[in-house]
1. Can you name every residue in region 315-343 that is buried (at least 20 other Cβ atoms within 10 Å of the Cβ) and part of a helix (DSSP H, G or I)?
2. Condition first: assigned to a loop (DSSP other than H, G, I, E, B), surrounded by fewer than 22 Cβ atoms within 10 Å (Cβ to Cβ) and within 23 Å of the chain's Cα centre (by Cα). Now tell me which residues in region 59-83 satisfy that.
3. Restricting to region 172-199, and then to whatever is open to solvent by less than 30 Å² (accessible area, probe 1.4 Å) and aliphatic (A, V, I, L, M), can you tell me which residue is farthest from P121 (Cα to Cα)?
4. Out of all the residues in region 211-238, which are touching a residue at least 60 places away in the same chain (Cβ under 8 Å) and closer than 20 Å to V45 by Cβ?
5. Any residue in region 361-381 that is among the acidic types (D, E) sitting within a Cβ distance under 6 Å of a residue that is open to solvent by 70 Å² or more (accessible area, probe 1.4 Å)? List the pairs, counting only those 6 or more apart or interchain.
6. Only one of these is within 19 Å of the chain's Cα centre (by Cα), over 23 Å from E369 (Cβ atoms), in the same structural domain as W96 (by TED's automatic domain parsing) and assigned to a loop (DSSP other than H, G, I, E, B): P312, P289. Name it.
7. For M381, only one of the following conditions fails: (1) open to solvent by less than 60 Å² (accessible area, probe 1.4 Å); (2) among the hydrophobic types (A, V, I, L, M, F, W, C); (3) over 19 Å from G239 (Cβ atoms). What is its number?
Amino acid sequence: MKQIARLGAGLLLAAGIATAHAEEDVRIGMITTLSGGGSHLGVDVRDAFLLAIEQSGREDIEVLVQDDARKPDLARSLANEFLQRDRVDIMTGIIWSNLAMAVVPSVVRQGTFYLSPNAGPSDLAGRMCHQNYFNVAYQNDNLHGAMGAWMREQGYQNPIILAPNYPAGTDALAGFKHLFEGEVAGELYTQLGQTDYAAEIAQIRASDADSLFFFLPGGMGISFMKQWAGSGVELPVFGAAFSFDEVLIKAVGEAAVGARNTSLWAHDLDNATNHAFVESFREAYGRTPTLYAAQGFDTANLILAALESAHPDDQDAFREALREADFDSVRGEFRFGPNHHPIQDVYVREVVMGEDGEPTNRLLGIAVEEIQDIYYPDCKM
């Protein structure tokens, strides 16, 4: 893998400097969140992606990495640099849906492939789908919808639901309600990046809800759970993996124990590919991977599998190779629907206290088998 510089803390980063680009080489531009709130999401995507490329042993792949600092304007500017200056063949890396909406449509219209390792806004699954856009993670609704279905099956009848007011947040609550198939006690929207949840907790306390479902990724989830633990409100708590990844629950501590969450992956998922991934990631970086790392690893391995068949310059052949998804996923069975979004199982996990005295996720079972987003009929590829 070319143009990789070893920096501090054992992390690999692309140097990001344009060099002579051999015609047969493949250049990948990664824009992801490496600083500010929620940066651990982008760090895990980056680290796992680079680990997969390194494990492949290929010397003809150049990965350029840039930090979007969770700013849409900066992400858009970096994308233009990758396209116009660096002439990348493939782009990836974006974590946040508002950034994806600022970048992806322009990238794919200009003939470059974009593979999402995380963000899955509904518009890109439906009316704004594109033949050069592939989502290797999920459509935003999926994990939330799966929890709605699972909570319904467990007998919960009146949940109160909460999320930030941005594309992934509105998708989250829409997805939950779609598969919960019942009335909710209330629907609360917060500001993106909010840190004080006293007003929302007071509304939850005053409701007649029998449970709480929330989506607050990154530092928002840490702030909320710590305030929730000190509030004295006693309701069972549910969410998706975005609010209960391994980094977040360790930051929250004991207050996270008992919460259940849906995920397309778990570090204790029993398949050979996943065992090898978790072990190698822990060895390389000294920590347990999160969902974001699993998605970054799968995204890189999908690209590697497609490159065995075609170079991105042969767009039709490379696109068809991506559609085949002929790689061993850490999550088990994986295939694309007609809108290039996954059809996959979604699991339920519970936060428990690990043997090391720190919270961790434990796999409980499957919430929904082969879930597919509801927007694919609007995709007119």
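1. F318, A321, L322
2. Of everything in region 59-83, those that are assigned to a loop (DSSP other than H, G, I, E, B), surrounded by fewer than 22 Cβ atoms within 10 Å (Cβ to Cβ) and within 23 Å of the chain's Cα centre (by Cα) turn out to be A69, K71.
3. Going through region 172-199, the residues open to solvent by less than 30 Å² (accessible area, probe 1.4 Å) turn out to be 172-173, 175-176, 180, 186, 188, 190, 197.
Applying the additional criterion that residues be aliphatic (A, V, I, L, M) yields 172-173, 188.
On the way: A172: 10, L173: 13, L188: 20 Å.
By that ranking, first place goes to L188.
4. Answer for region 211-238, where residues must be touching a residue at least 60 places away in the same chain (Cβ under 8 Å) and closer than 20 Å to V45 by Cβ: F215, P217, G218, G219, M220.
5. Pairs found: D378/R127.
6. Selected residue: P289, the only one of P312, P289 that is within 19 Å of the chain's Cα centre (by Cα), over 23 Å from E369 (Cβ atoms), in the same structural domain as W96 (by TED's automatic domain parsing) and assigned to a loop (DSSP other than H, G, I, E, B).
7. Unmet condition: (1).
So that you can scan it fast, the table gives a plain yes or no per residue for (1) open to solvent by less than 10 Å² (accessible area, probe 1.4 Å); (2) more than 19 Å from A266 (Cα to Cα):
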position	(1), (2)
Y114	yes, yes
A119	yes, no
L124	yes, yes
R127	no, yes
Q131	no, yes
Q139	yes, no
H144	yes, no
I160	yes, yes
T170	no, yes
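The values are calculated or read from the model by the stated rules, or taken from the named source; none is laboratory data. Note that the coordinates shown come from a computational prediction; the quantities given were computed from them, not determined experimentally. Neighbour counts are summed over all protein chains in view; Cβ atoms, including those assigned to glycine, are modelled from backbone coordinates with ideal geometry. In case anyone asks, the SASA skips ligands and DNA or RNA and just uses the protein heavy atoms, side chains included. Shrake-Rupley method; radii C 1.70, N 1.55, O 1.52, S 1.80 Å.
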